[in-house]
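Worksheet for the structure shown next.
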Amino acid sequence: MENTKIAVVGLGPAGLSALKSLCEEGFDAIGFERRSELGGLWSFSDDLTYTSVLNETVCNVSKFVVDYPPYPTSGQVADYFNSYARHFNLLERIRFRTTVNRVTRSASGNTWDVHITSPDGDAVYSFDKVVFGHGCESTPTWPPMPNKDKFKGILMHSQAFKSPEPFRGKRVLVVGIGNTACDVSLVLRRHATKVYQAYRRGRILVSRYLDNGIPMDTQLPWPLMRLKYFLDDKFPWLMTRLADKMLMSKMISDAARSEPAAPGLPGSETLKQAERRVRDDWRLLPAPSMAHTHPAVQEDFIPALREGDIVPLQGFKDFAGEYQVLLQDDTIVEVDAVIFCTGYDLDFTIMPEMDMDGAAGMPLACQQELMDRDNVTKVDQDDRRKPHLPRLFQMIFPPRWASSIAFLSWMAPQENVWCVCELASMAVAQIWAAEAAGSVAERSRGLLPSAEEMNAQVDAYHAWWRGEWEQDQSMRSGYVRAYSFYRSLHDAAGTGLYDQLDHMLSGRGWGLWWRDRELWTWLAKGPMNSYSWRLFETNPKGVPGRGRRTWAGARKALREAYEDYEDFRHRAEARHKQSEG
């Protein structure tokens, strides 16, 4: 395997974990990062063409990593990624300030040509395989703006927003209601004279914490999430309603915290008052279903609405004058700047030969054909409206190139994306290691099916996704079907975790509970993390591709994470009781 050269494009959490997993299996892997720092968008950059966090950004998912708070800041995340790279000796394998422009099949048809630009100029390198971990947030999405030239104020996409200072003393309209839009508005409110938030429809916004100060996501341990995915698969109509109702109730409960305390007012009345504000004053409900997108995670945005620091408006429609914006209700607002937090386009132009669509009424085409087609002026507007989807088995492998191409940047999982990227990296490394070592026949599961089977599953996913999108166009691209997705990755990676502990209806877990009650408690009741993926020995003979390596420190790390969580929980509950007393 040391003779198999693999290029890893992008060194954010996906690329870093891929580089580490591939090197661990003995591959000759090299990472390419266009920035001078690793960490992807978690490494702040003042380059206006680079998507990055703000200095004020805080993680949305709790971590419980020793020496870090439950929700690390962007600076702490960047420090962690750098320490990760140093610990696993990855820096010597990373080529910084090197942009991968495109990846094409070589003339021989046996390798991939990686076209790069570095401080030394342009070059083309040959690799046997390529892993794409470059993210999906590089090409900004803009709404139609027929009268854009009328506007004389500041106009930008959130990708170019790096600091609130240029907006000091200005009236700013922020377009959007996702995490980025909320972050931008919250940063601006202490600098701008007026901050408006324009959005077409509602959004579920929830705090990171429960009322008692405990991180919300810690209440969803491994077995409970496996049960959710199982029920999602078997009874989607029921689970969609339950999940939406639960999160809408939490949003209203969170909003009630910012309501002024009224002596003698029952808690039920406070909740009703908060719900009226959420629905009528701020139009946050109704909102897209959690079956189609993720909630925005914010605990400061609703209080800012309540205090008047941020003023909600109808959605953006067009520009109406030098400093005028026309809204969906045909009202006009005077502003000095407009910041569009409208997301990013799905962009696979880096691989022109990537197969796209080919199911649910969309003709099969490669990415290059789509680019050529979009350059033609006469394109059916309905076809242009429908999003293109890549043909990726389990969101990762293009069936035609599954033995040499893997994408880690399209999946939209329902769990901590960093951990899922690590799991996917382990799975890719194991699958390719089995193929390279010729140990495919020795593995009973976790291998890729035939190209025909992969294409059939891709077709089924496209049909499902497009059906959901037709109902609700907020459907997130790459949204995973969790029940089969996670099982497939764990089987391929060889973690053995599903064999030891599954949802309560499966019956798996009683053996672990009997043999090792302490470990069962950490896994079944503690916060989810990736330590458990290196815990169980599934490949004692070390056969390439038959299971990832275990980590001797996994049990200790799992215990420390659980103890850290329990300590935080006890202190949070004590503070909550004291505040209520």
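The table below lists the values:
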| read-out | value |
| --- | --- |
| Per-residue [θ]222 nm for the chain (sum of -39500 (n - 2.57) over DSSP H runs n ≥ 4, rounded to 500) | -11000 deg cm²/dmol |
| For the stretch 253-382: relative contact order, % (alpha-carbon pairs under 8 angstrom, 6 or more apart) | 11 |
| The stretch 133-283: relative contact order in percent, alpha carbon pairs under 8 Å with at least 6 residues between | 15 |
| Cut-off under 5 Å, modelled amide H: who pairs with D318 long-range | L326 |
| Among (i) 32.9; (ii) 28.5; (iii) 25.5, the entry that matches mean projected area of the Cα convex hull in nm² as calculated here | (ii) |
| Apportionment of accessible area to carbon and sulfur, the chain, percent (1.4 Å) | 50 |
| The stretch 190-326, accessible area per residue, ligands and nucleic acids excluded (1.4 Å, Å²) | 46 |
| Between the stretch 268-298 and the stretch 540-579, the Cα center-to-center distance that results, in Å | 33 |
| Label point 7 Å beyond Cα of T193 along Cβ direction - residues of the stretch 311-354 with amide nitrogen under 17 Å | 311, 322-325, 333-338 |
| The stretch 462-520 and the stretch 300-323: distance between their alpha carbon centers, rounded to Å | 39 |
| Inter-site label distance for K272 and A460 at 7 Å from Cα along Cβ, in nm | 4.9 |
| Table column - 3J(HN,Hα) (Hz), the stretch 205-218, Karplus curve with 6.51, -1.76, 1.60, x for Gly and Pro | 10, 10, 6, 5, 10, 7, 4, 8, x, 8, x, 4, 6, 6 |
| Protein-only accessible surface order, largest first, of E37, E92 at 1.4 Å | E92, E37 |
| Solvent exposure ordering (accessible area, 1.4 Å, most first) of L238, L326, L505 | L505, L238, L326 |
| For L313, distant residues with modelled amide H under 5 Å away | Q197, A198, Y199 |
| Å² per residue, accessible surface of the stretch 1-56 at 1.4 Å | 34 |
| Reachable aspartates and glutamates, given that their alpha-carbon falls under 15 Å from the alpha-carbon of K152 and they are not under 8 places away in the same chain | D318, E322, E334, D336 |
| Span-rule helices in the chain, defined as complete DSSP H runs reaching 24 Å or more along the axis (Cα) with Kyte mean at least 0.5 | 417-437 |
| For C421, solvent-accessible area (1.4 Å; no DNA, RNA or ligand), Å² | 10 |
| Residue order for K250, K577 - accessible surface, 1.4 angstrom probe, largest first | K577, K250 |
| Surface per residue (accessible, 1.4 Å probe) for the stretch 399-525, Å² | 41 |
| Förster-model FRET efficiency, 30 Å R0, D47 and Y84, C-beta, rounded to 0.05 | 0.85 |
| 5 angstrom amide H check on A29, placed H, neighbours 5+ away | I6 |
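The values are calculated or read from the model by the stated rules, or taken from the named source; none is laboratory data. Since the structure is predicted, the reported quantities are computational estimates derived from the model, not experimental observations. Using ideal geometry, Cβ is built from the backbone for each residue, glycine included, and neighbour counts are taken over all protein chains shown. Just the protein is used for accessible areas: all its heavy atoms, side chains included, with ligands, DNA and RNA removed. Shrake-Rupley method; radii C 1.70, N 1.55, O 1.52, S 1.80 Å.
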